[in-house]
Amino acid sequence: MKKNNILEVKNGVFEITLTINGEKLVLSTKNGESLLDALRRWGLKGVKKGCDTGDCGSCTVIVNGTPVLGCLVPAVAAHDGDIITIEGLGTVQKPHPIQKAFVEAGAVQCGFCIPGMILSSKHLLDRMPNPSEAEIRKALDGNLCRCTGYVKQIEAVKMAAKRLR
Amino acid sequence: MEKLSFVGKSLPRKDALIKVTGRAAYADDREFAGMLYAAAVRSPRPRIKILSISDARARHTSGYVTLVTYRDIKGVNKWPVVMQDYPFLPEKEARFAGETVALVVAKTAAAAKAAARLVEIKFKELPFIDDPLKSLEKDSIKIYGKDNIISSFVVKKGAVDKAFNNAAYVVEGEFSTNYQVHAYLETQGAIAVPEPDGGVTVHSSTQCPFYVLDAVAAALGLPYHKVKILQTVTGGGFGGKEDVPALVASHAALCAAKTGRPVKLIYGRKEDFQSMSKRHPGWARVAYGADKNGRLIACRVKYVLDGGAYATLSPIVLWRGTVHAAGPYKIANVSIETYAAATNKVPCGAFRGFGQPQICFAQESLIDELAAKIGMDPVDFRMKNMLEPGDKTVTGQRINSSCGLKELVGVVRKRSGWDKKKAEGFRLKAESDKARGIGFSATYYGVGLGAKGRYLDRAGALVNIYKDSSVCVNVGNTEMGQGALTVLAQIAAETLNAPYESVRVEEVDSSKVPDSGPTVASRTTLMSGNAIIEAATPLRGRIFKTAFNLLTAKGADFSRPMVASKGAFSMGGKTVTFREVTAECWNLRQKMSEQGWYAAPRTTFKMENGQGDAYVIYSYSADAAEVEVDLKTGVTKVLKIWAAYDVGKIVNPRLAMGQAQGGILQGMSWALYENLVYKNGIMVNPNFTDYVIATTADKPEYDITFLEKPYAEGPYKAKGMGEVPLIGVAPAVANAIANACGARVRLVPLLPEKVWKEIRMMKN
């Protein structure tokens, strides 16, 4: 049975098609499952659960070019979507320039907020190659960090912006 | 001093790349075959008599496995922390809303949570106490022992009443501070995996794996060698993962023992707020007396902490607060009395600063009031009275040469433009709706566990050099974000003259190193650092001797001294690498693995009168805060914080800067925004929607200076860094608000309505 163009394979279980980090996949999700829980169940553990209420930003992923809090979005809503998670940016061997800048600026402490913080930064730099400090602060103010005092993360975004231009 | 290759350099963090790429495996990221999931069933009310617990409805949940109660505890139903008052699971009485009463195990995390909601607790409500001051009253109902006092300490010195009578100036004030929630971004969590021999391996997000070991062994009734604790990458601690992870891990272990399957227990944010430790709310009445020349002569303090329902770490938190309660000053006559009072609320414990920030807010605010009364500049007043090398603290401890407090104050005074701004304050922009002001504070911090924790103040290390020259270091203290893996690798690399890249420090495995105490009290660099040096020193001897022999064999001129630097050894024009040298050591069948041990020197403190050496060494800080207060709304914005620290030698400047900036922001956030509310024994705002912490929008400017006063006993002269930056922020901000608009607010958080009310009162 199809609901809104999504295949319901059995009662409350849906099959959805989506692109994750460039790979087209067909996956199943239960009614009511958040995108955050689904992504983690599908093995993308870099997406972090910090609050599950849309406050902390740790589960930020990019859906169709827009940063989204995975905990607030049902997985079915990502049907036909194009999703980028932290795993899609770079690897330990070949980090993305933003990831590299976060390392070099000393922007990482416990690291739990960092995947979300980096994806928010990526979205900012995709739109604005040369953001001001105020624009960086605004772009990151939905990503809570309890360790750093934020200054090194802002420096990291500036550093990455320069290198990406 | 010989030139250092690795210590003192901003080398890259060892764990940064796995974290920025999302590959670091925190507790919830680990999976095991056949794993089940647990969820806690929690007490709904502040104090209940448990009549029965039933899973009659819960068992119909799809995926339901079992219910775990105190009856499933094979060991002792007492969690071994400081005092043995907290059961792993309550038998008759639950003492705060949110306390775990039972656990549900199911095949998925969602099923476990759903089933836990269906477990029925039949209970009778008992009268409860939610106010620590009322708890201490004679006629209060008794909820803890015979007097509701969890713990109490004194510091007594000189003749206090007489000194106050003789004082030319006396100030007195009551101050209080609210809870602070750790708000580590990773909630509490653990996975317990049963082993074939009846033992268990526990993966735990924790600062203190050996506390977890004590607890799991006690709960399961297992000998320690059948329990292995592996620390997972830990997403922030700040004290919040000191004691309570042991409770979480024990619950997971009880579920694993009952089901014979791996069990994962990950806390949701709400239950983490409701049941895990917090910074104690504090209340203090402080009085200072000074003579006509502005010399402090007397101090009287009564200090009460809201301990919550169980003791957990309250006794040692209170003790640290007691020792530091009079501030970093020379005062001949002192009376400090402190109490941790029981209430039927969440048990409070460790949080960066550990009982000091609450009392520091009180006494550093009052110091400003005293200076104002005398008509002295508050910085001049502090300068006149503060501790210098050779002076005695209020406990009679003589301060040694590693004390740069006076210089710190001078540096902050100069860099902040104090003298000019202080004079301008208050009046600046007086015609507008906004007023700017600047405020000051000075603090000290005893590094390590001190006299009250002396039996735990030791640490081990294992240094192992492989045939390929790579180095593996095991320690008993943890990385929780502060940079321990990096700083300790730098210390190992320095001692061995091994390339930094070749040294790896492992996350703690309790089976590899002896109990090294907790990772708290800014003690890791000092304790584990010294243990690593002890382990590495005999290896260094073998490596250096072998290097010398290799160089000589190569024809080096051995009348010239051998220089060891950055992983290479050079003499008389020849060079060999660390790799070549260790390969030769292995060829010669030399021992390339050593264990180290460091125990802190003894302290002489006596609990009866609070006199003697309390800590082996102190770190120091000075802070100035510049604020802008909106006079119409009372909203305060911190514009800039200037801070200077004496934490001994800085091992990694970039990491130290991160600790400083992060500590300042946590302190500022507590001072201004963070407001956890209880009503009738129930927590009202257990979430980040209604409990607000600082974001990038609130970030002030930072100006941070390190003055490195060498500590002879420290690894490469280091002391301790982690906690110092938080402690003095709140009073500096409060003093700045007073300077800006005259409003003296004696309540943290310094909420807009409190500031506004003071402004209104002054107008009327």
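With viscosity 0.692 mPa s and temperature 37 °C, the Kirkwood radius over alpha carbon pairs of chain A converts through Stokes-Einstein to a diffusion coefficient of 201 µm²/s.
The convex hull built on the alpha-carbon positions of segment B:219-370 has an orientation-averaged projected area of 12.0 nm². In a simple Cβ point-charge model (Lys, Arg +1; Asp, Glu -1; nothing else charged), chain B has a dipole of about 140 debye relative to its Cα centre.
Normalising the average separation of contacting C-alpha pairs (under 8 angstrom, six or more residues apart) by the number of residues puts the relative contact order of segment A:53-137 at 34 percent. The phi torsions of segment B:68-76, fed into the Karplus equation with coefficients 6.51, -1.76 and 1.60 and a -60° offset, translate into couplings of 10, 10, 4, 5, 8, 7, 7, x, 9 Hz, rounded to whole numbers, with Gly and Pro shown as x. Each Lys and Arg Cβ is given +1 and each Asp and Glu Cβ -1; about its Cα centre, segment B:1-47 then shows a dipole of about 280 debye.
Over 32 Å apart at the Cα level, from the set B:LYS384/B:LYS421; B:LYS113/B:LYS142; A:LYS162/B:LYS574; B:LYS162/B:LYS392; B:LYS241/B:LYS757, are B:LYS113/B:LYS142; A:LYS162/B:LYS574; B:LYS241/B:LYS757. Remark on segment B:267-324: Rg and Dmax equal 17.0, 57 Å (Cα only).
Shielding by partners for peptide B:479-491, expressed as the average number of C-beta atoms from other protein chains within 10 Å of each residue's C-beta, is 2. Residue exposure proxy: A:HIS79, B:HIS60, ordered by other Cβ atoms within 10 angstrom of their Cβ from fewest to most, comes out as B:HIS60, A:HIS79. When restricted to Cα atoms, chain B yields an Rg and a Dmax of 27.1, 90 Å, respectively. Just to verify a number: FRET efficiency for B:ARG589 and A:THR91, C-beta to C-beta distance, R0 = 30 Å, to 0.05? Efficiency, rounded to the nearest 0.05: 0.15.
In summary, segment B:459-590 shows an alpha-carbon radius of gyration equal to 1.13 times the 2.2 N^0.38 Å reference for compact globular proteins. Looking at segment B:440-562 alone, DSSP beta bridges between its own residues are antiparallel in about 60 percent of cases. Backbone phi angles across segment B:27-41, fed through the Karplus curve with coefficients 6.51, -1.76 and 1.60 (θ = phi - 60°), yield HN-Hα couplings of 3, 6, 8, 9, 10, 9, 4, x, 6, 9, 10, 10, 9, 8, 9 Hz in residue order; Gly and Pro are listed as x. In this structure, the pairs whose alpha-carbon distance is over 28 Å, taken from B:LYS78/B:LYS122; B:LYS74/B:LYS264; B:LYS414/B:LYS434; B:LYS3/B:LYS452, are B:LYS3/B:LYS452.
For the cross-link pairs A:LYS100/B:LYS278; B:LYS124/B:LYS345; B:LYS157/B:LYS719; A:LYS49/A:LYS122; A:LYS45/A:LYS94; A:LYS24/A:LYS152, the ones whose C-alpha atoms lie over 24 Å apart are A:LYS100/B:LYS278; B:LYS157/B:LYS719; A:LYS24/A:LYS152. To the nearest 0.05, how large is the calculated FRET efficiency for B:GLU388 and B:LYS757 if R₀ is 41 Å and r is the Cβ-Cβ distance? Efficiency for this residue pair is about 0.55. Over segment B:300-354, the hull volume per residue, using the convex hull of the C-alpha atoms, is 63 Å³. Distant-in-sequence amide contacts of B:VAL65, defined by a placed amide H-H separation under 5 Å and a gap of 5 or more residues or a different chain, comprise B:VAL105, B:ALA106, B:LYS107.
Backbone geometry of segment B:502-517 corresponds, through the Karplus equation with coefficients 6.51, -1.76 and 1.60 at θ = phi - 60°, to 3J(HN,Hα) couplings of 8, 9, 10, 9, 8, 5, 5, 10, 5, 8, 9, 10, x, 3, 10, x Hz, x marking Gly and Pro. Measuring between their Cα centroids, segment A:46-100 and segment B:410-424 lie 45 Å from each other. For chain B, adding -39500 (n - 2.57) for each run of n ≥ 4 DSSP H residues and dividing by the number of residues yields -8500 deg cm²/dmol at 222 nm. Restriction of the trypsin sites (Lys or Arg not before Pro) in segment B:166-251 to DSSP coil positions whose beta-carbon has at most 15 other beta-carbons within 10 angstrom yields no sites. Look at B:VAL729, A:VAL61 and count the other Cβ atoms within 10 Å of each Cβ; fewest to most, that gives A:VAL61, B:VAL729. Shape summary: segment B:90-221 maps onto an equivalent ellipsoid whose semi-axes, from the alpha-carbon gyration tensor, are 44, 23, 17 Å in decreasing order. Only Cα pairs under 8 Å and 6+ residues apart enter the sum, and on that basis the relative contact order of chain B stands at 16 percent.
Per residue, the convex hull spanned by the Cα atoms of segment B:590-697 amounts to 299 cubic angstrom.
Taking the Cα centre as origin and putting +1 on Lys and Arg beta-carbons and -1 on Asp and Glu beta-carbons, what dipole magnitude results for the protein assembly as shown, to the nearest 20 debye? In total the dipole reaches around 360 debye. Arranged from fewest to most other beta-carbon atoms within 10 Å of their beta carbon, B:ARG760, B:ARG269 become B:ARG760, B:ARG269.
Panel values: segment B:711-764, Kirkwood radius from alpha carbon pairs, Stokes-Einstein at 4 °C and 1.567 mPa s, translational diffusion coefficient 96 µm²/s. Once the Cα-Cα distance is subtracted from the 0.36 nm per residue extended length, the B:ILE141 to B:LYS162 segment shows a gain of 3.9 nm. When you restrict to C-alpha pairs under 8 Å that are six or more residues apart and normalise by the size of segment B:50-143, the relative contact order lands at 39 percent.
Computed per residue of chain A from DSSP H runs no shorter than four, each worth -39500 (n - 2.57), the mean residue ellipticity at 222 nm is -9500 deg cm²/dmol. Along the axis of the charge dipole computed for chain B (Cβ charges of +1 for Lys and Arg, -1 for Asp and Glu, origin at the Cα centre), the listed residues B:GLN180, B:SER205, B:ALA459 are led at the positive end by B:ALA459. Annotation: amide H-H contacts under 5 Å for B:LYS709 (H modelled 1.01 Å from N, sequence separation of 5 or more, or interchain): B:VAL647, B:GLY648.
A cut-off of 5 Å between modelled amide H atoms, ignoring neighbours fewer than 5 places along the same chain, links B:VAL41 with B:VAL101, B:ALA102, B:LEU103, B:VAL104.
Return the Rg/Rh ratio of segment B:132-187 with Cα-based radii and a Kirkwood Rh. We get a ratio of 1.14 for segment B:132-187. Stokes-Einstein, applied to the Kirkwood radius of the protein assembly as shown over Cα pairs at a viscosity of 0.890 mPa s and 25 °C, places its translational diffusion at 85 µm² s⁻¹.
None of the figures in this text is laboratory data; all of them are computed from the coordinates on show. This is a predicted model, so every value here is computed, not measured. Neighbour counts are summed over all protein chains in view; Cβ atoms, including those assigned to glycine, are modelled from backbone coordinates with ideal geometry.
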